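One structure is given below, encoded as structure tokens.
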Amino acid sequence: MYVAVKGGERAIDNAHAWLAEERRGDTSIAELSIEQIREQLSLAVNRVMAEGSLYDPDLAALAIKQSRGDLIEAIFLIRAYRTTLPRFGSSEPVKTEEMACDRRISATFKDAPGGQVLGPTFDYTHRLLDFKLAAESDPQADAETAKPRREPTPHIMEFLNTEGLIQTEIACEDTPPDLTREPMELPSNRALRLQSLARGDEGFVLGMAYSTQRGYARNHAFVGELRIGAVPVEMEIAELGFAIEIGEMTLTECETVNQFQGSKTEPPQFTRGYGLVFGQSERKAISVALVDRALRWKELGESDSGAAAQDEEFVLSHCDNIQATGFLEHIKLPHYVDFQSELELVRKLRREAAETYPMQEAAE
Amino acid sequence: MQVQALEGAFANAPIENAVAFRAAMNALARPGQIEKISGAKPPAPLSVAAGSLILMLCDSETPVSLSGPFETAVIRDWIIFHTGAQIVTPDKAVFAIGTWQSLAPLSQFAIGTAQYPDRSATLIVECDELKPQGATLTGPGIKDAAQLSLPETQSFQDNAKLFPLGLDFFFTTGTQVAALPRTTKVDH
Amino acid sequence: MTDYNFAYLDEQTKRMIRRAILKGLAIPGYQVPFASREMPMPYGWGTGGVQVSAATLTPDDTLKVIDQGADDTTNAVSIRKFFEVTAGVTTTENTTEASVIQTRHRIPEAELRDDQILVYQVPIPEPLRFLEPRETETRKMHALEEYGLMHVKLYEDISQHGAIATSYAYPVKVEGRYVMDPSPIPKFDNPKLEMSAIQLFGAGREQRIYALPPYTKVESLDFEDYPFEATKADHACDMCGAENSYLDEVIMDDQGSRMFVCSDTDFCAGRQQAGHLGALAAVNAEDAA
């Protein structure tokens with residue numbers, strides 16, 4: 001006897017209840033607090049803020065808790081929340097040369113004004129599991145740290161620029177388009193590309209960047225400068241007629257130096273790639289800079305080698321993990337109507353083939 | 001700014017916008033069909049219908065041009081205050097408001113591009129009256145044929161020839177709205 | 001009650017979507033770009049349709065949501081619940097009672113009236129996408145009305161298989177101008193695209209809205225010697241006996257025996273209530289007795 005599947009609503013409610021139970025796990029283990037996530041899983045929080053395009057560590061921590069640590073799910077929660085927020089206005093462009101740097105390194109110069117500041121990095125840790133952490137030992141003694149530089153730290157690339165050795169970026173007064181308020185139009189422009197990459201999936205952008213290092217649109221990059229630290233955010237208040245500081249945010253900025261052969265119209269000089277990302281997200285910032293540089297081939301008069309990382313439409317259409325995961329996972333939804341039409345068609349084609357070539361089939 | 005410019009918005013914007021949209025959509029999807037649209041109380045001589053369309057459709061992303069008797073400081077302030085739209089010259093307008101005479105020549109408005117035919121202006125034409133008689137309309141949205149009191153026919157015939165480019169029209173009077181998209185074929 | 005705005009979206013967003021819908025109706029079959037928002041449900045799960053419905057609904061509407069023709073599939077239930085909570089609209093499973101119907105993959109069997117609106121969820125709005133993946137190229141092809149590639153594809157099907165091997169999302173030409181993807185409805189539904197109701201198509205992830213005004217001319221692409229054919233399983237519904245409805249094939253037991261039943265659950269239930277019984281309905285009745 002056939003009974004149509006009913007009770008979708010009850011199934012959904014039950015699934016949600018079960019999910020909540022699984023999220024909490026063993027109730028004899030203490031529950032995670034938002035503060036714990038924010039303070040102790042801060043790099044996950046940073047990634048959720050960067051790809052969620054919302055600078056709010058507490059909300060990012062809440063999203064991580066709610067999503068059971070599935071960061072793409074957490075990013076989705078943040079994005080869906082973000083769209084409902086009213087816009088009060090736009091900030092002034094942040095001045096990263098005024099950053100209070102926690103970390104600032106250059107691979108292109110041994111030293112530079114402002115110095116090399118290693119900061120809190122995994123770079124030279126030996127990747128040995130630290131079983132002391134498993135024992136929940138007492139907190140370590142405070143690290144001996146210099147106070148972050150409060151005075152402006154000049155960008156290292158500008159030292160090359162005084163010699164004319166690196167291509168000058170033209171300052172632009174135009175308000176950049178907002179990817180979240182206007183449909184993506186292709187071909188795009190650099191402001192939109194950088195915006196898209198900054199909120200793009202870390203893994204996707206990393207893979208694209210890596211491919212440029214391995215010869216797909218090869219463009220050997222040096223990290224001219226990588227800096228991480230807090231910058232003030234200012235906003236002009238129309239009623240006041242001037243900008244006031246409304247807060248501070250931690251950013252990671254990377255500028256790469258890439259060699260450039262020169263063209264018919266330009267003498268040989270270095271060129272740049274750029275990445276700017278919320279929070280401490282240096283893998284992401286470097287990746288963005290490499291992909292940015294690869295995507296600039298047309299503007300810099302280079303040839304199209306057909307590499308994926310040079311293909312603006314390919315990169316921008318596929319770097320967003322919320323779009324990607326939604327469409328990928330939607331194939332879980334029922335498609336039986338379409339499948340039925342395919343079934344009919346394949347049966348029909350096979351029937352017709354059998355009628356057309358009956359001898360062949362008999363011979364086989 | 002006169003007080004008049006600050007008044008006359010929808011009392012319950014989410015609901016009135018939705019109801020006004022359905023009237024506008026029905027009008028545009030069924031050229032010639034006259035729909036009721038109201039809620040706005042705009043400064044004269046702007047009709048309730050035109051005012052309601054403006055509140056429902058315009059914002060800071062849609063530059064508006066005004067012409068003829070509607071090119072007044074009060075109407076300008078009313079639109080800017082309630083919608084945030086910029087008041088611009090006809091060539092930059094996404095929406096244009098006027099009488100049939102004051103909107104001429106139609107060639108001053110954007111008709112879209114081959115790749116983006118949607119980047120065209122929509123004209124809100126204030127009329128003395130709207131009646132289901134006059135020119136004969138055929139095309140998408142019309143079962144057999146419809147009749148509408150149009151100010152003339154030639155301009156609409158020329159506009160239809162531009163398809164898929166072209167202008168789209170709303171006609172308003174009092175609390176009534178009718179529409180004529182670029183797809184409609186107009187005959188005497 | 002809800003802390004969100006009526007129908008979830010803010011007024012500015014709805015205004016932007018409404019403008020896109022009007023442009024879509026003015027240029028039937030043309031895909032209007034719109035700044036699709038991130039919705040509280042995943043891309044690919046109907047965010048385009050949901051945004052179009054949210055911009056369309058008024059408190060007086062009665063909403064029906066179907067997925068694969070059925071009102072009780074989980075995603076249909078989920079979307080219906082979303083609008084019950086955020087817009088407070090009445091919902092129904094009855095096609096004739098509904099003023100707005102949001103659908104995924106089907107057009108209801110009952111003929112729609114001119115006071116109804118059908119909103120489609122669209123995954124890939126570009127009919128040329130699988131022949132040319134680049135938006136920059138397909139946009140040019142639409143601008144130049146260059147649809148040769150599509151005809152070549154259909155013709156290659158014929159030379160290889162002896163028939164056009166597209167059974168759903170079967171491309172149509174609208175008013176002799178734009179080639180349009182009718183969304184993944186089975187081609188059985190294509191002839192119904194010419195109807196009295198307004199049809200709106202929303203593709204959230206791909207940021208496109210398009211539309212068909214009532215009575216718009218919609219032709220399924222074909223060749224003179226290989227005319228379009230709206231096909232379905234060659235059976236009658238085993239529950240209601242309908243011979244002209246689109247059927248789901250249901251596997252009944254471990255031996256793989258099958259039965260066929262209407263995909264439009266409301267249509268099928270209505271017929272059964274009116275006393276129409278299919279081959280297996282009689283057996284069911286006996287079981288019950």
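Once you've got the GNM for chain C with C-alpha springs shorter than 10 Å, pick whichever of C:Q199, C:Q102, C:Q12 has the biggest mean-square fluctuation. Maximum fluctuation in the GNM of chain C, among the listed residues, is at C:Q12.
Compared with the dominant principal axis of the Cα atoms in chain B, helix B:73-83 is inclined by about 90°. Each Lys and Arg contributes +1 and each Asp and Glu -1, all at the Cβ; summed about the Cα centre of the range C:204-288, the dipole is approximately 460 debye. Shown in residue order for the range B:128-133 are the 3J(HN,Hα) couplings computed by the Karplus curve 6.51 cos²θ - 1.76 cosθ + 1.60 at θ = phi - 60°: 6, 7, 10, 9, x, 8 Hz (x for Gly and Pro). The angle between the Cα long axis of helix B:13-29 and the main principal axis of chain B comes to about 20°, on a 0 to 90 degree scale.
Applying the criteria of a DSSP loop state and at most 11 other Cβ atoms within 10 Å to the trypsin sites (Lys or Arg not before Pro) of the range A:253-354 yields A:K264. Please name whichever of B:P31, B:C127, B:V3 sits farthest to the positive end of the charge dipole of chain B, dipole taken about the Cα centre and charges placed at Cβ: Lys and Arg +1, Asp and Glu -1. Highest projection toward the positive end goes to B:P31.
Put a dot 7 Å past the Cα of C:T96, heading toward its Cβ, do the same for A:A243, and the two dots end up 6.5 nm apart.
Applied to the range A:338-354, the Karplus parametrisation 6.51 cos²θ - 1.76 cosθ + 1.60 on θ = phi - 60° returns per-residue 3J(HN,Hα) values of 5, 4, 4, 5, 5, 4, 4, 5, 5, 4, 5, 5, 5, 4, 5, 5, 5 Hz, with x for Gly and Pro.
Semi-axis lengths, largest first, of the ellipsoid equivalent to the range C:11-219 are 28, 19, 16 Å, with √(5λ) applied to each eigenvalue of the Cα gyration tensor.
Sorted largest first, the principal axis extents computed over the alpha-carbon atoms of the range A:44-202 equal 54, 46, 27 Å. Annotation: amide H of C:C262 within the under-5 Å range of C:D238, C:M239, C:C240, C:D248, sequence separation 5 or more or interchain, hydrogens built in the peptide plane. Computed across the range C:173-289, the Kirkwood hydrodynamic radius from all distinct Cα-Cα pairs reaches 16.9 Å. Amide H contacts for A:D102 (H built 1.01 Å from N in the peptide plane; partners 5 or more residues away or on another chain; cut-off under 5 Å): A:I228, A:G229, A:A230. Computed from label points 7 Å out along Cα-Cβ, the spacing between C:L144 and B:D128 is 5.1 nm.
In the protein assembly as shown, the DSSP-assigned H stretches of four residues or longer account for a calculated mean residue ellipticity at 222 nm of -10000 deg cm²/dmol, using -39500 (n - 2.57) per stretch and the full residue count as denominator.
Taking the longest Cα principal axis of chain A as reference, the axis of helix A:202-213 is set at about 70 degrees.
Choose one of A:F122, A:A80, A:T250: the residue whose Cα lies farthest towards the positive end of the charge dipole of chain A (beta-carbon charges +1 Lys, Arg; -1 Asp, Glu; about the Cα centre). Selected residue: A:F122.
Would you please give the FRET efficiency between A:E39 and B:E152, computed as 1/(1 + (r/R0)^6) with r the Cβ-Cβ distance and R0 = 56 Å, to the nearest 0.05?
The computed FRET efficiency comes out at 0.20.
3J(HN,Hα) along the range B:42-57, derived from phi through the Karplus expression 6.51 cos²θ - 1.76 cosθ + 1.60 where θ = phi - 60°, amounts to x, x, 5, x, 5, 6, 4, 5, 5, x, 5, 4, 4, 4, 6, 10 Hz, with x in place of Gly and Pro.
The charge dipole of the range C:88-211, taken about the Cα centre with unit charges on the Cβ atoms of Lys, Arg (+1) and Asp, Glu (-1), comes to about 300 debye, rounded to the nearest 20. For the range C:81-148, state which chymotrypsin sites (Phe, Trp or Tyr not before Pro) are in a DSSP loop and have at most 15 other beta carbons lying within 10 Å of their beta carbon. Within the range C:81-148, the qualifying chymotrypsin sites (Phe, Trp or Tyr not before Pro) (loop, at most 15 other Cβ atoms within 10 Å) are C:F130.
Counted without the sites themselves, the longest stretch of chain A free of chymotrypsin sites (Phe, Trp or Tyr not before Pro) in a DSSP loop having at most 15 other beta carbon atoms within 10 Å is A:125-364. Split chain C at each of the GluC sites (Glu not before Pro) in a DSSP loop with at most 15 other beta carbon atoms within 10 Å, and the longest piece is C:1-110.
Of the trypsin sites (Lys or Arg not before Pro) found in the range A:66-96, the ones in coil according to DSSP and having at most 16 other Cβ atoms within 10 Å of their Cβ are A:R68, A:R87, A:K95. Amide H contacts of B:A179: B:G32, B:Q33, B:F171, each under 5 Å away and 5 or more positions distant or on a separate chain (H built 1.01 Å from N in the peptide plane; Pro and chain starts excluded). With contacts taken as Cα pairs under 8 Å at a separation of at least 6 residues, chain B carries a relative contact order of 24 percent. Charges were assigned to the Cβ only: +1 to each Lys and Arg, -1 to each Asp and Glu. The resulting dipole of the protein assembly as shown about its Cα centre is roughly 1020 debye.
Applying the Kirkwood pairwise sum to the alpha-carbon positions of the range A:16-82 produces a hydrodynamic radius of 11.9 angstrom. For the protein assembly as shown, the convex hull drawn through the C-alpha positions has a volume of 237 cubic angstrom per residue. Since only C:C237, C:P191, C:V261 are under comparison, the one whose Cα sits farthest along the positive direction of the charge dipole of the range C:175-289, derived from C-beta charges on Lys, Arg, Asp and Glu, is C:P191. From the largest down, chain A spans 83, 67, 55 angstrom on the principal axes of its Cα atoms.
As a size descriptor, the averaged projected area of the C-alpha convex hull of the range B:3-187 was calculated at 9.5 nm².
Each value in this text was obtained by applying a stated rule to the coordinates, not by laboratory testing. Because the structure is a prediction, the values reported are computed rather than measured. Ideal geometry is used to build each Cβ from the backbone, glycine not excepted, and the neighbour counts take in all protein chains shown.
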